[in-house]
Amino acid sequence: MRRIKTSELVPGMITAEDVYTYNNQLILPKGLILNDRTITKLAYYSIFYVKVEDSPEHAPAHIPFESTYAERLKKNPEFKKFRKDFEADVDNFKSVINDVIEKGAPLNVDELMDHTLNILDLGTTTNLFDILHNMRDYDDATYAHSMNVALICNVFARWMRMNDDEIRLATMSGLLHDIGKTQIPDTIIKKPGKLTDDEYDLVKTHPQEGYRILQNTSLSQEVLNAVLMHHERCDGTGYPYGLTGERIGIYAKMVCIADVYDAMTSARIYRGPLCPFKAIALFESEGLQRYDPGLIMTFLENVVNTYLLNSVRLSNGLIGKIVFVHREKLSAPTIQTEHGFLDLSIHPDIAIEALV
């Protein structure tokens, strides 16, 4: 038995003990053979270390299923331009926020938003979500993550058929949602091991800290509420106040979904970005009741629909094309293969492993 960082886990390793959340909820049982999905689940619950069995024969070399797709995308001129603009905007965002916090400079929201919206001037041939998934390094910085969430919220708001003012508020909410983390010591934010109860309690203060930093600016109350409430959940399991349903602002609900999706699909040391269908399956398995029903279904349905007619590799080795999406099981569409049509919603033993 050995204790290993979650970031260093690879598919094939076996858990040597039950793994629990900070609230003593069982996440993974002892003796489970890890795969991409279960490793991502550990990261989703902020589990930093796990005990695994020593036997090397259970840790086969990991095949980077998505390498061909990712490498092809990274050669795309749109991707290269987006990355250059994105990195410049993250640097500008960091500089502006540091001036606000350290020097008491006024927050020029219009200028900040203009920079952010300019990088969305893309063609229609490349999926924004794919670009974000394939340009992030492991352990994203607070500012890059916030930029990702802002861009996801912008697209999300368009899917919700919001007007221009509402789209702007949604984007702004995503951009500023984690500003409170600048008040948490880096030694805690970047700690490689499990947080102590006191450290975790301190991290959970970042929504209030963000609200405090921004409350005297010209930002609308809706954006301030999104900063304060983005870790609340509709079933009351969130923080800092355990709010439910209608008590949570719509932009906070949107940021919550975008935030979790971004975390689940971030690149990790042991693999490339998680296949969107694996992320959607995790949303479904964890229970959609945590989120606003109209928002979560709109978000997931649109993410899935962007991959219609895409070629995918299945867990049984077959290659096929997505031809139909099942609303009741979004992570398990119907695939057309050389052997005919395969409805994954009635074949739970087969899953989409990668886009090809």
Per the 1.4 Å probe, what fraction of the accessible area of the chain, in percent, lies on carbon and sulfur atoms? 49
Normalising by the residue count of the chain, find the relative contact order in percent from Cα pairs under 8 Å and 6+ residues apart. 14
Which residue, Leu26, Gln215, Val100, has the largest displacement toward the positive end of the dipole of the chain when charges sit on each Cβ (Lys, Arg +1; Asp, Glu -1)? Leu26
For segment 91-222, what is the relative contact order in percent, using Cα pairs closer than 8 Å and at least 6 residues apart in sequence? 21
Förster radius 45 Å - calculated FRET efficiency between Glu78 and Lys329, Cβ distance, rounded to 0.05: 0.90
May I ask you to rank Asp178, Asp165 by accessible area, largest first, using a 1.4 Å probe over the protein chains only? Asp165, Asp178
Leaving out ligands and nucleic acids, and using a 1.4 Å probe, what accessible area per residue does segment 1-56 come to in Å²? 49
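Rolling a 1.4 Å sphere over the protein heavy atoms, what is the accessible area per residue of segment 310-356, to the nearest Å²?
Heavy-atom SASA per residue in segment 310-356 reads 53 Å².
By Kyte-Doolittle mean hydropathy of at least -1.0 and Cα axial length of at least 24 Å, which whole DSSP H helices of the chain are selected?
Working: long enough: 77-103 (39 Å, -0.86); 142-159 (25 Å, 0.61).
What comes out of the filter, once short or polar helices are dropped, is 77-103, 142-159.
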Per-residue ellipticity at 222 nm for the chain, helices alone: DSSP H runs ≥ 4 residues times -39500 (n - 2.57), over residue total, nearest 500 deg cm²/dmol? -13500 deg cm²/dmol
So what does His339 come to for accessible area, using a 1.4 Å probe and Å² rounded to 10? 140
Explain nothing, just the number: dipole magnitude of segment 230-356 about its Cα centre with +1 on each Lys and Arg Cβ and -1 on each Asp and Glu Cβ, in debye rounded to the nearest 20. 240
Only four residue types carry charge here, +1 at the Cβ of Lys and Arg and -1 at the Cβ of Asp and Glu. Report the dipole size of the chain about the Cα centre in Debye, rounded to the nearest 20. 580
Residues with beta-carbon under 14 Å from that of Ile27, excluding Ile27: net charge, scoring Lys, Arg +1 and Asp, Glu -1? +2
Tally Lys and Arg at +1 and Asp and Glu at -1 over the other residues with C-beta under 11 Å from the C-beta of Tyr200: what net charge comes out? -1
Among Cys153, Ile250, Gly287, the residue whose Cα sits farthest towards the positive end of the charge dipole of the chain (+1 at Cβ of Lys and Arg, -1 at Cβ of Asp and Glu, taken about the Cα centre) is Gly287
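The values are calculated or read from the model by the stated rules, or taken from the named source; none is laboratory data. Just so we're clear, the structure is a prediction, and the values are computed from it rather than from any experiment. Cβ sites come from the backbone with ideal geometry, for glycine too, and all protein chains shown count toward neighbours. Areas reflect the complete protein model, heavy atoms only, side chains present, ligands, DNA and RNA absent. Shrake-Rupley method; radii C 1.70, N 1.55, O 1.52, S 1.80 Å.
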